[in-house]
Amino acid sequence: LEGIVHNFVVENDKTVLQPYADALSSSMNSGIFHSAKVPKGFNFYFGLKGTGSYINGDNPVVKDANKTLSILPMAVPQIQVGSVFGTQFSVRFLPSITLGKYGAVGMWGFGIKHGITSHFKKSPIDAALGFSINNMTISDSKSRDLVSASSIAASLQVSKELSVFTFYTGMQYESSIMEVTDIYQNTVTKMNYENENKVRAIIGLGIKLGPVNLNGDYSFGRTNSISAGFGFSF
């Protein structure tokens, strides 16, 4: 990745990485929830969340690169445990995975969700407030950090259960910072980016078949994302 980052940024303009920073932020903060319900008593979920964010191609350089990569994909295991006074906790963790000669990628995060309607005996819908923190590191083949990204996300979640189906939606605010390190011929250059996509709407559908939980959603904003999950809940 060492020469690739240098050629892509230095030979063009460092602003060409902004759409990738936005896509990375959206992917990191996608798939955080698939229901606003916080069940009473002990509950546990373990699954895999896969996301993909579209890379906006307004810049001619980005448009050309999008012919090869137009969606930034990501997948991370997620665990949710609850509940304590209507509150559920979640953890995401992806150990550093080597991508052949290109380097490695790793991610971790944690979140908290409080069920607003868990305080009411009967409610036609479920509503919750969520907050999460996520971090990702991409390193080169020499274990040097090339990309270091951190983000926070706060959301208002709403869902409705009908038989085995769960229809869910929400509004989410997110803020991310990405530091890119260009290492070329022993010269180190650091560039910082903030996500331009701050608010997005989410709409999705979940299907629960016994302990098996399937879900998928789409989010709308300056950067659009798609997410899908497969897991087990008890």
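Restricting to segment 28-65, and then to whatever is over 23 Å from residue 112 (Cβ atoms) and part of a loop (DSSP other than H, G, I, E, B), can you tell me which residue is most open to solvent (accessible area, probe 1.4 Å)? Filtering segment 28-65 for residues that are over 23 Å from residue 112 (Cβ atoms) and part of a loop (DSSP other than H, G, I, E, B), the one most open to solvent (accessible area, probe 1.4 Å) comes out as 58.
Residue by residue, here is whether (1) open to solvent by less than 20 Å² (accessible area, probe 1.4 Å); (2) part of a strand (DSSP E or B) holds:
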{"site": "67", "(1), (2)": "no, no"}
{"site": "73", "(1), (2)": "no, yes"}
{"site": "81", "(1), (2)": "no, yes"}
{"site": "88", "(1), (2)": "yes, yes"}
{"site": "107", "(1), (2)": "yes, yes"}
{"site": "112", "(1), (2)": "no, yes"}
{"site": "129", "(1), (2)": "no, yes"}
{"site": "132", "(1), (2)": "yes, yes"}
{"site": "137", "(1), (2)": "no, yes"}
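So, of the residues in segment 183-201 that are assigned to a strand (DSSP E or B) and crowded, with 21+ Cβ neighbours inside 10 Å, which turns out to be farthest from the chain's Cα centre (by Cα)? The qualifying residue farthest from the chain's Cα centre (by Cα) is 193. Taking residue 49 as the residue in question, decide whether it is more than 17 Å from residue 228 (Cα to Cα) and not acidic (Asp, Glu). Against the criterion (more than 17 Å from residue 228 (Cα to Cα) and not acidic (Asp, Glu)), residue 49 does not qualify. Is it the case, given these coordinates, that residue 32 is over 15 Å from residue 214 (Cα atoms) and under 19 Å from the mean Cα position of the chain (by Cα)? It is false that residue 32 is over 15 Å from residue 214 (Cα atoms) and under 19 Å from the mean Cα position of the chain (by Cα). Taking the listed residues 219, 159, the one that is over 19 Å from the mean Cα position of the chain (by Cα), in a strand (DSSP E or B) and surrounded by 21 or more Cβ atoms within 10 Å (Cβ to Cβ) is 159, with no other qualifying. Applying the set (1) more than 13 Å from the chain's Cα centre (by Cα); (2) in contact (Cβ under 8 Å) with a residue 60 or more places away in the chain; (3) surrounded by 14 or more Cβ atoms within 10 Å (Cβ to Cβ) to residue 230 leaves exactly one unmet item: (3). On the stretch given as segment 139-156, residues that are part of a strand (DSSP E or B) and either touching a His at 6+ places or on another chain (Cβ under 6 Å) or of a type outside the set (Ser, Thr, Tyr) (or both) total 8. Of all the residues in segment 202-216, those that are open to solvent by 20 Å² or more (accessible area, probe 1.4 Å) and under 14 Å from the mean Cα position of the chain (by Cα) number 1. Would you check which residues across segment 126-183 are touching a helix residue (DSSP H, G or I) at 6+ places or on another chain (Cβ under 7 Å) and without any contact (Cβ under 8 Å) to a residue 60 or more places away in the chain and list them? Listed by number, the list holds a single entry, 129.
Determine if segment 167-182 includes at least one residue that is of a type in the set (Asp, Glu), part of a strand (DSSP E or B) and open to solvent by less than 10 Å² (accessible area, probe 1.4 Å). Looking through segment 167-182, at least one residue is of a type in the set (Asp, Glu), part of a strand (DSSP E or B) and open to solvent by less than 10 Å² (accessible area, probe 1.4 Å). Residues that are among the β-branched types (Val, Ile, Thr) and at pLDDT 90 or above within segment 79-104 comprise 79, 81, 84, 87, 91, listed in sequence order.
Per the listing 190, 208, the residue uniquely basic (Lys, Arg) and at pLDDT 95 or above is 208.
The values are calculated or read from the model by the stated rules, or taken from the named source; none is laboratory data. Quick caveat, the model's predicted, so the values are computed rather than measured. Counting neighbours? That spans all protein chains shown, and the Cβs are built from the backbone with ideal geometry, glycine included. Just the protein is used for accessible areas: all its heavy atoms, side chains included, with ligands, DNA and RNA removed. Shrake-Rupley method; radii C 1.70, N 1.55, O 1.52, S 1.80 Å.
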